[in-house]
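The values are calculated or read from the model by the stated rules, or taken from the named source; none is laboratory data. Since this is a predicted model, take the numbers as computed values, not measurements. Cβ placement follows ideal geometry from the backbone for every residue including glycine, while neighbour counts extend to all protein chains displayed.
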Amino acid sequence: MSDNIKISVKGLYKIFGSEADRMVNLVKDGVGKQQLLEEYRHVLGLKDINLDIETSKLHVVMGLSGSGKSTLIRHLNRLIDPTAGEILVNGKDIVHLNDAELQDYRRHDISMVFQRFGLLPHRKVFDNVAYGLNIQKLPSAEIKERAMRWIERVGLSGFEDHYPTQLSGGMQQRVGLARALATDADILLMDEAFSALDPLIRTDMQTMLLELQTELNKTIVFITHDLDEALRIGDHIAILRDGMMIQQGGPQDIVMNPADDYIVDFIRDINRGRVVHLEKVMDSEILSGVEGGLHATMALEDALPLVTSCEAQCLPVVDDNGKPIGSISVDSIAKAMARPGDAPTTVIR
Amino acid sequence: MADETSWLIDFPAMDRVDLRMLNKGIDAGFKSFSREYGQLIENLFDPLLFFLVWLEKLLLGAPWFIVIIAMSALAWAGSRSIKVVVGVILSFLVIGYFGMWDNTMRTLSIITVCTLMSIAIGLPLGILMARSDRAQAIVTPILDVMQTMPSFVYLIPVVMLLGIGKVPGLIAVVIYAVAPIIRLTNLGIRLVDKEVLEAAQAFGASPSQKLFGVQIPLAMPNIMAGINQTIMMALAMVVIASMIGVKGLGQPVLKAITNQYFSMGLFNGLAIVALAIIFDRVSQAYGHRLQEHRRNEHS
Ligand SMILES: Nc1ncnc2c1ncn2[C@@H]1O[C@H](COP(=O)(O)OP(=O)(O)OP(=O)(O)O)[C@@H](O)[C@H]1O
Ligand SMILES: [Mg+2]
């Protein structure tokens with residue numbers, strides 16, 4: 001196993017119901033979610049999930065409602081126990097931790113942000129942010145210092161004596177984020193953390209998360225059903241359907257090579273020109289005699305006007321050192337930006 | 001012919017002799033049980049009796065205005081409402097003026113002890129029920145029976161076991177009044193927002209940190225409602241408990257029933273009502289104050 005893998009999920013199955021252990025064999029023998037529900041009255045939550053999560057990366061898990069996202073993320077801090085499979089964190093199996101070890105793991109190694117915030121309504125903002133530290137029974141001076149630092153970090157200075165219900169949704173989720181960061185755990189789980197917020201606030205929160213991440217370098221597992229959000233913040237995206245992992249890869253891989261129609265549907269309405277970079281669509285031909293060029297990580301929509309405006313309708317693509325590594329033409333940009341699977345039905349002459 | 005079909009008309013009941021034997025058997029069994037263990041059980045309740053007697057003596061022995069001041073202070077501490085405090089003072093003045101002071105003090109002390117005891121029993125039981133579906137399945141039907149059984153009926157075994165007096169009265173009142181605390185503690189804990197509980201768990205809270213830091217505080221509005229109902233039921237039981245020797249406002253009411261003294265019954269009844277209203281307002285106001293954080297709620 002490579003060193004930079006923080007969390008490794010192997011052959012994970014989760015079945016809800018009283019005889020899950022027996023059912024898991026049926027599922028391994030090919031019984032589907034529908035059949036399992038109708039004939040055996042058990043719910044297939046997750047099926048054969050294999051997932052490696054890299055250190056210091058923001059890993060998005062996506063899927064429609066009921067696809068098993070929450071179930072999967074709750075396995076990582078054992079709010080849900082697996083029916084079968086392994087979960088390694090820092091190379092150590094966490095499925096068989098005893099109660100004390102599990103408590104310790106949750107206190108120090110992993111923290112979580114919730115969709116509906118999960119704040120304690122009877123405690124003030126300060127005490128909510130300090131919650132994880134209080135649980136650890138740290139000295140009160142240290143608790144105060146750390147909690148105040150994180151309250152300030154998320155922009156809530158002056159609100160520490162308010163109750164959560166006195167704050168707007170966006171502010172409440174900042175409390176949730178500060179609470180999660182205050183324990184200094186390496187791993188941050190976020191289950192649809194921004195889904196309950198208005199679009200503008202959501203964008204603000206994404207920006208804040210990305211800013212924090214450049215500095216903190218946490219390993220983040222972020223659940224969402226919003227593809228725009230996934231593409232904006234994710235270093236890596238995994239897509240779930242009916243409890244199965246159907247594709248994993250970088251944002252551009254998902255957009256350029258959707259694994260099946262489910263994902264094609266997912267990516268239909270996104271702006272491909274913004275997600276995809278030149279390096280994914282460039283031609284390998286090196287143009288001779290042309291000075292300069294476009295950087296390989298430039299988005300297609302930014303490159304398009306430049307390429308169109310030049311006479312040859314084609315420009316070199318260069319790497320970090322300015323060395324040409326290929327070329328890009330209007331044609332290939334246009335092809336890449338067209339939606340896949342949208343065959344024209346009528347052509348107007 | 002008529003003989004052969006009579007069982008269709010008259011219920012084929014158990015033979016009278018057999019029934020009498022059965023009743024006798026049960027009664028004899030219980031009697032010998034109470035002869036054997038009655039004293040022991042009574043001794044178990046000694047500390048409670050001691051506390052009850054001490055409280056009663058304290059309330060009866062103290063000058064009346066001190067008691068009123070103390071009550072007002074308690075009402076203020078609970079409710080922070082001038083209206084409630086004024087109501088308390090007026091009620092006690094009227095009660096004293098109509099000569100019901102001593103009985104009111106006795107009732108007050110027994111209600112206090114009964115409520116404390118109900119909390120001491122009900123809270124842990126409610127918590128247990130909330131944690132285990134098994135416990136809930138066992139306790140719920142028992143509570144149903146306790147609450148629908150006419151209260152006179154369970155006076156009988158209590159009296160057989162412990163005779164007449166303060167302790168059996170106390171026990172009868174507690175049996176009658178404890179159910180709401182148990183039910184509402186259970187309900188309150190089960191209704192705690194699942195995500196908040198998950199959050200506590202996700203940060204590594206131990207079971208007791210979860211219970212005392214999250215579940216009980218969030219269940220508090222329901223628990224307070226349970227305590228409130230328990231107090232009301234205990235007050236309602238005061239008259240019945242006076243039949244087995246509990247002194248207080250219930251006794252004059254009982255006397256009034258047997259002798260048809262309408263005004264005596266009415267006055268003492270009104271004193272019970274006054275106590276009920278005071279307890280109700282103070283405990284409700286206290287419950288609301290605990291929910292301070294719900295004010296200014298962002299919708
Ligand atoms: N405790 C449970 N008992 C039975 N079935 C469950 C349980 N928890 C989840 N499920 C089922 O498992 C499946 C996945 O649920 P999960 O909550 O993980 O979905 P999700 O992707 O998070 O959906 P959403 O976007 O609605 O949050 C669903 O079919 C759900 O009904
Ligand atoms: Mg979910």
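What the table below lists for this structure:
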| read-out | value |
| --- | --- |
| Enumeration of residues in region B:165-221 that are at positive phi and more than 8 Å from chain A (Cβ to nearest Cβ) | B:Gly165 |
| Subset of region A:61-96 (residues that are closer than 25 Å to A:Asn25 by Cβ, more than 16 Å from ligand 2 (Cβ to nearest atom) and either surrounded by fewer than 14 Cβ atoms within 10 Å (Cβ to Cβ) or among the hydrophobic types (A, V, I, L, M, F, W, C) (or both)) | A:Asp81, A:Ala84, A:Ile87, A:Leu88, A:Asp93, A:Ile94, A:Val95, A:His96 |
| Subset of region A:190-202 [surrounded by fewer than 24 Cβ atoms within 10 Å (Cβ to Cβ), closer than 16 Å to A:Arg116 by Cα and of a type outside the set (Asp, Glu)] | A:Ser195, A:Ala196, A:Leu197, A:Pro199, A:Ile201, A:Arg202 |
| Qualifying residue in region A:77-91 (condition: facing another protein chain (nearest Cβ under 10 Å) and in contact with a strand residue (DSSP E or B) (Cβ under 6 Å, 6 or more places away or on another chain)) | yes |
| Filtered residue count, region A:195-233, keeping only those that are within 16 Å of ligand 2 (Cβ to nearest atom) and among the β-branched types (Val, Ile, Thr) | 3 |
| Checking A:Met112 against (1) under 18 Å from A:Ala147 (Cα atoms); (2) more than 9 Å from chain B (Cβ to nearest Cβ), the condition it does not meet | (2) |
| Unique match (being surrounded by 14 or more Cβ atoms within 10 Å (Cβ to Cβ), under 27 Å from A:Tyr131 (Cα atoms) and away from ligand 2 (no atom under 16 Å from the Cβ)) among A:Tyr40, A:Tyr105 | A:Tyr105 |
| Verdict on A:Ala180 being crowded, with 17+ Cβ neighbours inside 10 Å, touching a Ser or Thr at 6+ places or on another chain (Cβ under 7 Å) and not in a strand (DSSP E or B) | yes |
| Qualifying residues in region A:1-22 (those that are of a type in the set (A, V, I, L, M, F, W, C) and more than 12 Å from ligand 1 (Cβ to nearest atom)) - the one modelled with the lowest pLDDT | A:Met1 |
| Among (1) within 16 Å of ligand 2 (Cβ to nearest atom); (2) not in a helix (DSSP H, G or I), the one test that A:Ala185 misses | (1) |
| Enumeration of residues in region B:274-292 that are buried (at least 17 other Cβ atoms within 10 Å of the Cβ) and either aromatic (Phe, Trp, Tyr) or within 14 Å of chain A (Cβ to nearest Cβ) (or both) | B:Phe279, B:Tyr286, B:Gly287 |
| Given (1) within 16 Å of ligand 2 (Cβ to nearest atom); (2) more than 12 Å from chain B (Cβ to nearest Cβ); (3) of a type in the set (Gly, Ala, Ser), number of the condition A:Ala178 does not satisfy | (1) |
| Residue check for B:Gly269: in a helix (DSSP H, G or I), closer than 22 Å to B:Leu123 by Cα and in contact (Cβ under 8 Å) with a residue 12 or more places away in the chain | no |
| Filtered residues of region A:24-66 (kept if of a type in the set (A, V, I, L, M) and free of Cβ contacts under 8 Å to residues at least 24 places away in the same chain) | A:Leu26, A:Val27, A:Val31, A:Leu36, A:Leu37 |
| Residues satisfying the stated conditions in region A:185-208, i.e. among the hydrophobic types (A, V, I, L, M, F, W, C) and without any contact (Cβ under 8 Å) to a residue 60 or more places away in the chain | A:Phe194, A:Leu197, A:Leu200, A:Ile201, A:Met205, A:Met208 |
| Residues of region B:141-186 satisfying the condition of being over 23 Å from B:Leu108 (Cβ atoms) and without any contact (Cβ under 8 Å) to a residue 40 or more places away in the chain | B:Pro141, B:Ile142, B:Asp144, B:Val145, B:Met146, B:Gln147, B:Thr148, B:Met149, B:Pro150, B:Val153, B:Tyr154, B:Ile156 |
